Amino acid sequence: MSKLATELPAGPRVRLVLGSDDWFMRGFIALIVLYLFVALALPLYAMLSKSISTFRMDLTQFQFQVSDETGFFSGDILSADELNAAVGAYSEQELNVGSGGRLSATAFFPDFSFRSPVKYRVRGVDDSAVFLLGSERRTGPSWVELDSNQFRRVVLRPVTSVGLDNFKRYFSTPSLVQSIKNSLFIAAISTVITVLLAFCFAYALNRSCMRFKGVFRLIAMAPILVPSLLPGIALVYLFGNQGLLKAVMAGESIYGPYGIIAGSVFFTFPHAMLIITTALAISDARLYEAALSLRTSRWKTFWTITIPGARYGLISAAFVVFNLVITDFGLPKVIGGQYNVLAVDIYKQVIGQQNFEMGAVVSVVLLIPAMLAFGIDRIVQRRQVALLSARSVVYQPSSSRIFDRFCLLYCSLIAIFILGILGICQFAALVKFWPYDLSLSLRNYAFNRMDGGGWAAYRNSIELAGLTAFFGTVIVFTGAYMVEKTQGFKGGRTLFQFLAMLPMAIPGMVLGLAYIFFFNDPDNPLNFLYGTMAILVLCTVTHFYTVSHLTAVTALKQMDNEFESVNASLKQPFYKLFARVSVPVCLPAILDISIYLFVNAMTTVSAVVFLYSTSTALASVAVLNMDDAGDVAPAAAMGMMIFYTNVAARIVHAGLSRGVLRRTQVWRHH
Amino acid sequence: MLRTDDENPAFLKINALWKAFGDFLALKDISLEVAEGEFVCFLGPSGCGKTTLLRAIAGLDPQTRGTIEQSSRDISNLPPAQRDYGIVFQSYALFPNLSIRRNVAYGLENAGHSRSKIDARVDELLQLVDLPEQGNKYPAQLSGGQQQRIALARAIATKPGLLLLDEPLSALDARVRVSLRHQIKELQRKLGVTTVMVTHDQEEGLSMADRIVVMNHGRIEQVGTPIQIYRDPDTLFVADFIGEMNQVQGVAETADRVRIGEVSFNCQSHGFSPDEKVLATVRPEDIVPIERDHSDQADPADQGVEVHIGDMEFLGSYWKARLDSPRLSGSLNANLSMNAVRRMELSVGSHLQVRLPSDRLKLFANPSAVT
Ligand SMILES: Nc1ncnc2c1ncn2[C@@H]1O[C@H](COP(=O)(O)OP(=O)(O)O)[C@@H](O)[C@H]1O
Ligand SMILES: [Mg+2]
């Protein structure tokens, strides 16, 4: 017996009568939990169950009787299995079907003619046997009697069972298993290169007195504003078969690991740089002063203070980059050539071969490294937050001519790499016919004459980004507020927090495929969403939920917890505090969330590639499809349109943020 | 003195309150009555459960067992908004983006008052907390003490029946703290609002409260006026926590006598059986030096003991002296007035007689005695 049980007098726990505010807030949490269930948990569940569903045609399940020309049945029962053995209607290969497998029953009867007066009876041996009569589903062991014209429409369906057969098949297919190795290899190499480059860049920004730091910072962030497949297109222009610098490749092909790695470094660079910059910025200046006073060499200081101080940042950056690369789909699709990776395999299985079960299996395989990387990153970040609060003195670099020059040179090279990639895309988009006719023209912008959705796709993307930013911000911030500020209701809040963290661990391809399984199911009442803009918004908000949620939570945690207590004691409804205090105080964070959602909605490919319809084609997907169709220059043009749109959005965001800060300066800084 | 009885029923009545955080009991069997208009202080070391009790009264973090009545209404499970109190926190919790006026007016809105009436009330409140000119500033533009006064104005704006203050002065510097102490006390007296304040600072409690509730480890140790608490601590914890207290080992003799070292003293009557080991306590300011050439009226030999001064520290208005005595097998701290020290020419090493007045010598069970 615990001490508590012996001391605390028996009796019911005192529970407060819930006021209308409490009900409202709990209701709202329940609503968002429901949202995350529908938009995340249930689709994932549908996908997981798909990956372990196997389908097999079991001919022993079906039996027939055939009458003579007068319609008289002798009573002889024919098993489909024996019939097949006798006439060889279907090969073993043909019996190995997927969920959509359908076998026509007439094939067992070579003499069948739909005009003959012969009648047929068909049944299953038990309730698990399913056959279709036209589109009508029949089961069970009672005979169904049909004339030959009706019998023509009898189709046998496979039995469903649960098991790991799909996985066995996956792991016994060498070409598929090779993708695991490829994906891990690409992700590992890209991670090492990106983290190294980003660390040096962040180090130069933090620890040197070079000029143009602001410009470099800005340029380094540019890759975030374009779809990940854009660097792929640029690399094709530079090093592809007709590339300007093809000679550099020395006979190697850019299509494959080289291209994927180079492009991955480009698009993951800003993520790594941001994380490492934060880590370097919080290291304690006092340690450096101590080192200086002990006459420690610069080299030794670097290894004994800088690196250990930034270790969590480095580890976190590594796992974030790893995750981004291994889950990315656009880049390997554009430049991967014959080199298969997991994310593209999912696409090929689903779109190319319509093998949904195998797509689900690859998704599960891809989930494992993604979840691991995510989990480790979370743990490491938590450690870093603990460091953050303890540190105080900001490091001020002292200038050193040689070191500063060296940093300037290094950062310039990185900047040239980034701007070069973007510049090539823009240039290629504006010339008539690369590389033969380099005169300028706007004909690559005539999107309406290409496959991919035309200018409507661009407008759809802006609509998607706008809707995602608006609804996403409202849902995420309100949800974070409710979960942070509600009293009690522990179960609901814990569930919420778990669901809110989950999206970050789910690769976009997996989410998109899960949506197909869940929303495309005709039995799902939400089926009407399939193919609409709404499902794209739903999917995109969910895909980018976690980072937005964490931004909101961080801002909310900085507010005094007693605001709610004061509000209640003054008998004011919670929404008054929310509207008049919480939202205004958190406005900078709210703007950050909305721009984050906007930019990502503009650039995302992976989840939505499974979900768009002809009326909701998107610019980022158009880049993919135009490139696929050989319209590479228009693809580059569309990619750059996304870039400029995001730049414009960032400028608007910066203007708004500055306006908000100026207006709130009065009460914020004193 | 405000006391509750049948004709004057308690305004706030707490009955057998318990609070558990998981397996940890933060409040154990708390029962307490507060009269209307009374200023009560919860005093105790940090972590003893004061805030927890206050938050239970406010309904912000409800108790696990027990009931709370306010104005004869059972509020035990009412949500905060259905109770009647104003609250002030250590962190002020002013809304940073609202002007001072809007902060003070916050609770007055949505209550059917006209704009002009609210304005008039805000002016009145700003006057009351002595900050009439600051209405259009924002909280961050005021000093900590000013912000806390605004928080107070906001809390009393709706004229709540009960004012709850959780360490309202702890975030301020010492000088501001002392002046705000008086302001709060005066305001409370003027408004006559029943007030419960939490503090860990005994000086704050003693100077502001009508009654003090001393708490320790989730239990009430003693309830009483500041003077009662100081003069007559019920427990060794209270004796030790409030003010300074000499504690010396002793052995109980008869019902009102105790032996310390080899000397036997009269003391407050006690319930210990003869030869039981006890702690004898006496406050430093109650130890009286006996001047040689002027014999005391009462039998001096009885309560007197020979000591010599081991150490002396000048504290401005008096001297703190460590009195060593082989006969007591220990030492006592005594506060000696400037006068006495000058008259008796006392310095380190001086020998003198001191008297331990019998009504100031109190025995407690010896917690370290092995029984
Ligand atoms: N929400 C909580 N969860 C768990 N323990 C708590 C919580 N709030 C307070 N406690 C514990 O209860 C005890 C009393 O806390 P509190 O009432 O805040 O003390 P104080 O007297 O300093 O105001 C402390 O030991 C504290 O750690
Ligand atoms: Mg406290």
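Read-outs: derived from the displayed coordinates by stated rules, not from any lab. Note that the coordinates shown come from a computational prediction; the quantities given were computed from them, not determined experimentally. Neighbour counts are summed over all protein chains in view; Cβ atoms, including those assigned to glycine, are modelled from backbone coordinates with ideal geometry.
Tell me what chain A gives for mean residue ellipticity at 222 nm when only DSSP H runs of n ≥ 4 count, each as -39,500 (n - 2.57), the sum divided by the residue total, rounded to 500 deg cm²/dmol.
So the helix-based figure for chain A works out to -19500 deg cm²/dmol.
Considering only DSSP beta bridges with both partners in region B:10-240, what is the antiparallel share in %, to the nearest 5?
Antiparallel: roughly 55 percent of the beta bridges in region B:10-240.
Which net charge results when you count Lys and Arg as +1 and Asp and Glu as -1 among the other residues whose beta-carbon is under 13 Å from that of B:V198?
-2
What does the net charge come to around A:V122 if you take all other residues with beta carbon closer than 10 Å to its beta carbon, with K and R at +1 and D and E at -1?
+2
So if each residue of separation counts as 0.36 nm, and I subtract the Cα-Cα distance between A:N448 and A:S400, what length gain in nm does that give?
11.7 nm
For region B:246-365, calculate the relative contact order in percent as a whole number, restricting contacts to Cα pairs under 8 Å that are 6 or more residues apart.
RCO, region B:246-365: 33 percent.
What nm distance separates the two modelled labels at B:R219 and B:Q82, each placed 7 Å from Cα along Cα→Cβ?
Placing both labels 7 Å along Cα→Cβ, they lie 3.4 nm apart.
In debye, nearest 20: dipole of the protein assembly as shown around its Cα centre with unit charges on the Cβ of K, R (+) and D, E (-)?
3420
Taking amide H positions as placed in the peptide plane 1.01 Å from N, state which residues far from B:L361 in sequence (5 or more) or on other chains have amide H under 5 Å from it.
B:Q268
At a Förster radius of 41 Å, what calculated FRET efficiency corresponds to the Cβ-Cβ distance of A:L218 and A:E94, to the nearest 0.05?
Once rounded, the FRET efficiency stands at 0.10.
Calculate one ³J(HN,Hα) per residue across region A:259-264 by plugging θ = phi - 60° into the Karplus curve 6.51 cos²θ - 1.76 cosθ + 1.60, and present them in order as whole Hz with x for glycine and proline.
Taking θ as phi minus 60°, the curve returns x, 5, 5, 4, x, 5 Hz for region A:259-264.
Please identify, among B:Q247, B:Q127, B:Q228, the residue showing maximal mean-square fluctuation in a Gaussian network model of chain B using a 10 angstrom Cα cutoff.
Of the options given, B:Q127 has the highest mean-square fluctuation.
If the reach is capped at under 14 angstrom between alpha carbons, list the aspartates and glutamates near A:K246, excluding any in the same chain fewer than eight residues apart.
Cα-Cα hits under 14 Å: none found.
Can you give me the relative contact order of chain B as a percent, contacts being Cα pairs under 8 Å and 6 or more apart?
Relative contact order comes out at 15 percent.
No solvent, one uniform scatterer per C-alpha: report log10 I(q)/I(0) for region B:246-365 via the Debye equation at q = 0.11, 0.17 1/Å, two decimals.
Taking Cα atoms of region B:246-365 as identical point scatterers yields -0.35, -0.81.
Return the subset of A:K168/A:K348; B:K28/B:K190; B:K28/B:K159; A:K485/B:K137 for which the Cα-Cα distance in this structure is over 23 Å, preserving the input order.
B:K28/B:K190; B:K28/B:K159; A:K485/B:K137
Can you pull the three principal axis extents for the Cα set of the protein assembly as shown, in Å, largest first?
Ordered largest first, the protein assembly as shown gives principal extents of 141, 87, 66 Å.
Classify region A:109-208 as rounded, prolate or oblate, taking a ≥ b ≥ c as the square roots of the eigenvalues of its Cα gyration tensor: rounded when a/c is under 1.5, otherwise prolate if a/b is larger than b/c and oblate if not.
The shape class here is prolate.
Running a GNM on chain B with Cα contacts under 10 Å, which residue among B:I242, B:I68, B:I227 ends up with the highest mean-square fluctuation?
B:I227
Rounding to the nearest 20 debye, state how big the charge dipole of chain B is about its Cα centre with +1 on each Lys and Arg Cβ and -1 on each Asp and Glu Cβ.
I would put it at about 1440 debye.
If exposed means no more than 14 neighbouring beta carbons inside 10 Å and the site is in a DSSP loop, what's the longest run of chain A without any exposed GluC sites (Glu not before Pro)?
Longest run free of exposed loop sites: A:253-670.
Based on the alpha-carbon set only, what is the convex hull volume of region B:10-240 divided per residue, in Å³?
In region B:10-240, the Cα hull volume divided by residue count equals 127 Å³.
Enumerate the aspartates and glutamates that B:K19 could reach by cross-link, defined here as Cα to Cα under 16 Å, with residues fewer than 8 away along the same chain left out.
A:E7, B:D29, B:D61
Of the beta bridges DSSP finds with both residues in the protein assembly as shown, what % are antiparallel, to the nearest 5?
Counting DSSP beta bridges with both partners in the protein assembly as shown, the antiparallel share is about 85 percent.
Per residue, how big is the convex hull around the C-alpha atoms of region A:305-453? Give it to me in cubic angstrom, could you?
Roughly 223 Å³ of hull volume per residue.
Using amide H atoms built 1.01 Å from N in the peptide plane, name the residues 5+ places from B:Q90, or on other chains, whose amide H lies under 5 Å from its own.
B:D166
Spelling out what I want: for every residue of region A:568-581, take phi, set θ = phi - 60°, compute 6.51 cos²θ - 1.76 cosθ + 1.60 (Karplus), and round to whole Hz; glycine and proline get x.
Here the 3J(HN,Hα) series is 5, 5, 8, 6, 9, x, 4, 6, 5, 4, 4, 6, 8, 10 Hz.
Return the single residue from B:T254, B:T195, B:T281 with maximal mean-square fluctuation; model: Gaussian network over chain B, springs between Cα atoms under 10 Å.
B:T254
Placing unit charges on C-beta atoms (Lys and Arg positive, Asp and Glu negative, everything else neutral), compute the dipole magnitude of region A:54-162 about its Cα centre in debye, rounded to 20.
In debye, rounded to 20, region A:54-162 gives about 440.
Just to compare against my own numbers: the Cα pair-distance distribution for region A:561-670, 10 Å bins, whole % per bin, please.
12, 28, 23, 18, 14, 5, 1
Where does region A:1-152 land on Rg/Rh, using Cα atoms and the Kirkwood Rh?
That ratio is 1.39, to two decimals.
Please compute the length gained on full extension between A:L656 and A:S49, using 0.36 nm multiplied by the number of residues separating them and subtracting their Cα-Cα distance.
Gain in length upon complete extension: 213.9 nm.
So what's the net charge close to B:G224: Lys and Arg +1, Asp and Glu -1, counting the other residues with Cβ under 11 Å from its Cβ?
For residues surrounding B:G224, the net value is -2.
Order of A:I315, B:I287 from fewest to most other C-beta atoms within 10 Å?
A:I315, B:I287
Taking 0.36 nm per intervening residue step and subtracting the Cα-Cα distance, what contour gain separates A:Y436 from A:T70 on full extension?
Length gained, A:Y436 through A:T70: 124.1 nm.
Taking H as built 1.01 Å from N, whose amide H comes closer than 5 Å to the amide H of B:S350, not counting residues under 5 places away?
B:I309
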